[in-house]
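Structure record follows, encoded as structure tokens.
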Amino acid sequence: MSTHHDTRFTGALLLTALTAMIAGAVIVVPSGMTLNPAEPAAALAAVAARPGLHLVELGLDVTGWLALTAGALTMAARALLPAGLLACAGLAGLLHDAGNLAVTQLAADADDPTVIAVAGAVLLTAKWSVNLAGLLWVAATATAVLQLPMTAGLRRAGVVVALSGLAAVVLPWTTGVDGPSAAQEQLGYALHLPVMVWYGVLALRDLRARSEVRG
């Protein structure tokens, strides 16, 4: 009974994480608040113009990464390596959010050249932190495909979404010293979305398994 309870808890946490992250992306992508480190002055201006919207998105993202980390920890008894990689992805995502929170405070002096330079460094660190989170998430997906019990169809889908997520991670490396443009960042979001959907299916499966036990 305890195993089924843990499975349901994992499913609930993963579903919470994915819902919060997707809600945050729905705010960021259309509003253009992806905060490109190549344009720190523009990023600071965007945050200064709409600090409330930025904080709402940031709150959703923090909730998502926290829930992902917690969900990963509850998976450890079933599959230690995927759980560890997923938890590390969550921590890297929280580091990314810490950088974005710092930018929120820096936006109070958005016209100061020194602040703009510092913001550029903070944003660059935050962007590579989320890239690391994506890489760890892809690694967690690849190992989950090998270690977690699932249907053959779900396993094949896991391989496909892992490749899609890997493409999202590799994308910033193809842009050279200029870094990804806003359009390329949006493409990265789109490429990582299948990974999130796949984990959503896993989460629903875990929740359904508990319901079937009750039935």
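Where a number appears in this text, it was derived from the coordinates with a stated rule and is not lab data. Quantities reported herein were computed from a predicted structural model and do not represent experimental measurements. Note that each Cβ is placed from the backbone with ideal geometry, even for glycine, and that neighbours are counted across all protein chains shown.
Step through the residues of region 40-52 one at a time and calculate ³J(HN,Hα) from phi using the Karplus curve (6.51 cos²θ - 1.76 cosθ + 1.60, θ = phi - 60°), rounding each to whole Hz and writing x for Gly and Pro.
x, 5, 5, 5, 5, 5, 5, 5, 5, 6, 9, x, x
When you take every Cα atom in the chain, what is the radius of gyration, and what is Dmax, the widest Cα pair distance, in Å?
For the chain, the Cα radius of gyration and maximum Cα-Cα distance read 18.1, 64 Å.
With a 10 Å Cβ neighbour count serving as the proxy for reagent exposure, in which order, fewest first, do Y199, Y189 appear?
Ordered by Cβ neighbours within 10 Å, fewest first: Y189, Y199.
How do the peptides 8-14, 142-148 rank, highest first, by the average count of neighbouring beta carbon atoms within 10 Å per residue? Working shown, then result.
Details: 8-14: 21.6, 142-148: 18.0.
Highest-to-lowest ranking by the protection proxy: 8-14, 142-148.
If each DSSP helix of 4+ residues adds -39,500 (n - 2.57) and the sum is divided by the residues in the chain, what number results at 222 nm, nearest 500 deg cm²/dmol? Please report the intermediate quantities before stating the final value.
Working: 7 runs with 179 residues, N = 215.
Rounded to the nearest 500, the figure is -29500 deg cm²/dmol.
Once the Cα gyration tensor of region 124-212 is found, what semi-axes does its equivalent ellipsoid get, as square roots of 5 times the eigenvalues, in whole Å, sorted largest first?
Square roots of five times the eigenvalues give 29, 12, 11 Å.
For L204 paired with L81, estimate the spin-label separation in nm (one decimal), with each label point 7 Å from Cα along the Cα-to-Cβ line.
Placing both labels 7 Å beyond Cα along the Cβ direction yields 2.9 nm.
If I fit a long axis through the Cα atoms of helix 182-214 and take the longest principal axis of the Cα atoms of the chain, what angle between them do I get, 0 to 90°, rounded to 10?
30
Using the Cα centre of the chain as the reference point, and only Cβ charges (+1 on K/R, -1 on D/E), how large is the resulting charge dipole? Debye, rounded to the nearest 20.
1120
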